[in-house]
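All remarks here apply to the structure that follows.
The values are calculated or read from the model by the stated rules, or taken from the named source; none is laboratory data. Every value quoted in this text rests on a predicted model; they were computed, and no experiment measured them. Here the Cβ positions follow ideal geometry from the backbone for every residue, glycine too, while neighbour counts run over all protein chains shown. For accessibility, only protein heavy atoms count, side chains too; no ligands or nucleic acids. Shrake-Rupley method; radii C 1.70, N 1.55, O 1.52, S 1.80 Å.
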Amino acid sequence: MTIEDTLVTFEGVHKRYDDFVAVKALDLEIKRGEFVAIMGPSGCGKTTTLRMLAGLETPSGGKITIGGKCMNDVPAHERDTPLVWQSLALFPFLNVIENVEFGLKMRGVPDFERQPRALIWLERLGLKGFEKRRIDQLSGGQRQRVALARSLVTEPEMLLLDEPLSALDAHLVIRMQGVLTKLQKELGITFVYVTHSQSEAFAMADRVVIMGQGEISQIGAPRDIFRAPKNRFVAEFVGRNNIFAGMGQSGGDIVVAADRISVSREATEGASVQAAFLSEEFVGTAIICYFEGPDGEDLKALVTEEELEALSPEPGEQFWLSWAPEAVHELEGA
Amino acid sequence: MKTRFSVYPYVWRVPLLIWQGLFFIGPLALMVAMSFWLVKNYRMEPDFVFKNWDKMMSRGYFWDAYWITLWRASLAALLATLIAFPASYTLAFKVSDTVRRWAVFFLIVPFFTSYLVRAYAWQVLLAESGPINAILGYLGLGPFTMLNTGIGAMVGYMTLVLPLVVILQTFSLAAIDRNLIEAAWNLGASARATLFKVIIPSARVGLIIGAVFAFILSYGDFVSPFYLGGSKPPTMSILIIDTTKSGQQWPRAAVVAIMMIVTLFTVAFVAVGAAYGRRK
């Protein structure tokens with residue numbers, strides 16, 4: 001990776017409020033044209049990180065650079081880091097096209113140039129004919145796209161998104177995910193996407209940053225994080241993982257993904273545990289079965305419909321959960 | 001489907017209608033009727049003559065009073081809005097919730113004392129030999145005649161309306177979604193642009209309602225123009241006092257009052273339309 005490829009760097013950035021540390025010693029590099037998702041439970045510092053990048057919060061220490069330039073003292077309105085807000089924050093007293101034109105207007109783009117540029121973006125996002133609508137006359141998905149158009153109209157190098165899909169219906173989320181990834185690929189700009197939703201992050205991002213308690217727990221491609229979580233926090237947060245304490249070769253914890261567990265009524269060769277069936281949950285093509293392990297741990301196994309029928313488990317019944325040696329991933333630390 | 005007739009809702013509406021009829025429609029109708037009555041030997045007699053309207057509408061002093069009142073109330077609304085805004089802005093955005101709550105409480109305190117008493121206090125302060133002129137004297141200025149002038153009246157109007165206008169503005173500014181303000185910065189708006197393009201449009205309703213209250217209160221007030229403004233030129237309210245005192249001319253006072261009500265209604269209607277109306 002050369003210097004030119006790097007768009008954003010965080011160097012030892014931390015943010016402290018009076019008696020609360022939101023972000024501690026954050027080091028992160030974001031490349032040009034990359035789709036990065038910052039993911040973590042609420043209060044992990046992901047939104048603070050994004051807000052520092054936008055200049056809405058000032059770091060208490062450390063250095064943030066964008067395009068090689070130190071941004072610590074650059075006020076928000078002099079940065080080109082448009083943000084798509086969770087609440088969208090569309091201006092209710094302006095109509096659709098006036099909202100989209102806002103950023104251009106603030107940058108002194110003349111009147112005759114603003115409108116065509118705004119119209120291009122409205123058309124691109126499928127909002128042609130909605131220019132004169134009031135914001136409260138739009139559906140949730142349409143508002144979302146107005147917010148995107150408003151942020152992208154200045155053609156920034158980077159777009160920041162703060163849980164933009166969390167207020168939408170499930171079916172719209174999937175559709176907007178498609179819109180966002182397509183847009184990011186076409187524009188070739190950097191997307192920094194903050195979310196608490198694993199499915200959103202894993203579906204869209206090139207690289208996922210997992211944060212917990214103000215620190216980065218793991219950075220990697222979605223697949224790497226899913227298959228090889230670094231520690232217990234990541235393994236638990238990512239979900240669909242089974243964590244077995246002290247079963248590693250060196251006595252550490254191991255992780256076996258739910259889709260690599262096989263369930264049977266009889267004891268099997270190799271690694272396995274006995275667990276009591278709790279319940280099942282349909283997730284599209286497969287079924288997740290939940291079990292309670294010998295030490296009361298929550299275990300899950302992904303099975304097909306046929307397998308479930310063959311097993312026909314009743315709550316409380318004991319089953320053997322087994323896995324192949326290559327399915328085991330050992331966690332760092334004891 | 002036939003809806004069964006029920007007296008129940010009508011029964012509950014009756015007290016409201018009686019109240020409205022007794023205390024609003026009734027007196028208003030009486031006043032309108034009275035404006036057509038005649039005064040003979042200092043006594044009113046029901047009649048239907050246009051003499052009172054004729055007399056008032058054709059007099060220069062009526063129209064002088066009309067325009068001066070309209071002008072002063074408009075100026076008071078504008079001044080109150082401009083003076084209150086920095087205070088409201090500070091209370092809404094620059095202080096903690098606790099400080100804001102206390103500030104709003106202290107803004108209500110002035111209403112505990114009679115407005116008349118507060119106007120009298122200004123009489124002392126604004127006098128030619130009063131403390132304000134004394135301080136200005138130290139600085140080599142003045143003395144200025146402030147009492148019994150338009151300035152005196154305006155000081156009185158501000159005493160009356162400022163606390164209310166600050167409260168109304170503070171609430172409407174504090175209710176603005178902070179994300180909108182941050183979104184404006186994020187899209188390249190400077191502090192100034194954010195104020196004019198986002199904060200003021202967002203608080204438009206509250207700002208206009210504040211100005212309307214300032215207008216209405218100043219328009220009908222007689223304490224300030226009387227005790228601090230020297231009642232010259234007379235405002236509409238002073239005209240009512242003068243008319244009733246001189247020869248029991250209640251019908252002519254009714255004419256003045258009706259003109260005031262019509263004006264207030266028009267102004268309030270236009271202002272509320274501007275506050276809530278759709279943009280062009």
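The table for this structure:
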| quantity | calculated |
| --- | --- |
| Trypsin sites (Lys or Arg not before Pro) restricted to DSSP loop in region B:6-63 with at most 13 other C-beta within 10 Å | B:R59 |
| Globularity index of the protein assembly as shown, i.e. its alpha-carbon radius of gyration over 2.2 N^0.38 Å | 1.42 |
| Interchain or long-range residues, amide H under 5 Å from A:F35's placed H | A:F191, A:D206, A:R207 |
| The protein assembly as shown: calculated mean residue ellipticity at 222 nm from DSSP helix runs of at least 4, using -39500 (n - 2.57) | -14000 deg cm²/dmol |
| Helix A:170-187 axis, angle to chain A major axis (alpha carbon atoms, nearest 10°) | 60 degrees |
| Exposure rank, largest accessible area first [B:V49, B:V117; 1.4 Å] | B:V117, B:V49 |
| Local net charge near A:Y290, Cβ-Cβ under 12 Å (Lys/Arg +1, Asp/Glu -1) | -3 |
| Rounded to whole Hz, the Karplus (6.51, -1.76, 1.60) HN-Hα couplings of region A:107-122, x for glycine and proline | 8, x, 6, x, 3, 5, 8, 4, 4, x, 5, 5, 5, 4, 6, 5 |
| Relative contact order of chain A, defined on C-alpha pairs under 8 angstrom at six or more residues apart (%) | 17 percent |
| Helix runs (DSSP H) in chain B reaching 18 Å along axis by Cα, Kyte-Doolittle at least 0.5 | B:60-89, B:150-174, B:204-220, B:250-276 |
| Separation of the A:S199 and A:E266 label points, Cα + 7 Å toward Cβ, nm | 3.8 nm |
| Alpha-carbon centroids, region B:20-39 and region B:203-280: separation in whole Å | 19 Å |
| Area accessible to solvent at A:C70, 1.4 Å probe radius, in Å² | 60 Å² |
| Rounded Å value of the spacing that divides the Cα centres of region A:34-68 and region A:177-209 | 16 Å |
| Chain lengthening between A:A310 and A:D73 when straightened (0.36 nm per residue, less Cα-Cα) | 78.9 nm |
| Given charges at beta-carbon only (K, R positive; D, E negative), |dipole| of the protein assembly as shown in Debye | 4600 debye |
| Sequence of A:T154, B:T235, A:T285 when ordered by accessible area, the most exposed leading, probe 1.4 angstrom | A:T285, A:T154, B:T235 |
| Set of lysines with alpha-carbon distance to A:K230 below 22 Å, sequence-local pairs under 8 removed | A:K24, A:K46, A:K300 |
| Gaussian network model of chain B, springs between alpha carbon atoms under 10 Å - residue of B:P201, B:P15, B:P86 with greatest fluctuation | B:P15 |
| Charged-residue dipole, Cβ positions (Lys, Arg, Asp, Glu), chain A about Cα centre, Debye nearest 20 | 1800 debye |
| Percent of Cα-Cα distances greater than 20 Å, calculated over region A:70-139 | 36 percent |
| Packing rank of B:98-108, A:175-185, A:81-91, where each peptide gets the mean count of other beta carbons within 10 Å, highest leading | A:81-91, A:175-185, B:98-108 |
| Rounded to the nearest 10 Å², the accessible area of A:H329 at probe 1.4 Å | 40 Å² |
| Proximal lysine pairs, region B:51-279, alpha carbons under 21 Å, eight or more residues apart or interchain | 5 |
| Whole-Hz ³J(HN,Hα) from phi, Karplus 6.51 cos²θ - 1.76 cosθ + 1.60, for region A:207-212, glycine and proline x | 9, 10, 10, 9, 10, x |
| Nearest 10 degrees, 0 to 90: helix A:96-106 Cα axis against chain A principal axis | 70 degrees |
| Calculated diffusion of region A:27-75, Stokes-Einstein form, Kirkwood radius summed over Cα pairs, 37 °C and 0.692 mPa s, µm²/s | 276 µm²/s |
| Out-of-range pairs (alpha-carbon distance over 21 Å; input A:K105/A:K185; A:K15/A:K63; A:K31/A:K63) | A:K105/A:K185 |
| Computed FRET value (nearest 0.05) for A:E29 with A:K128, which takes r as the C-beta separation and R₀ as 51 Å | 0.85 |
| Pair B:V109, B:V262: separation of 7 Å Cα→Cβ label points (nm) | 4.5 nm |
| Cubic angstrom per residue, convex hull over Cα atoms of chain B | 255 Å³ |
| B:R13 versus A:K182: modelled label distance in nm, points set 7 Å from Cα along the beta carbon direction | 5.5 nm |
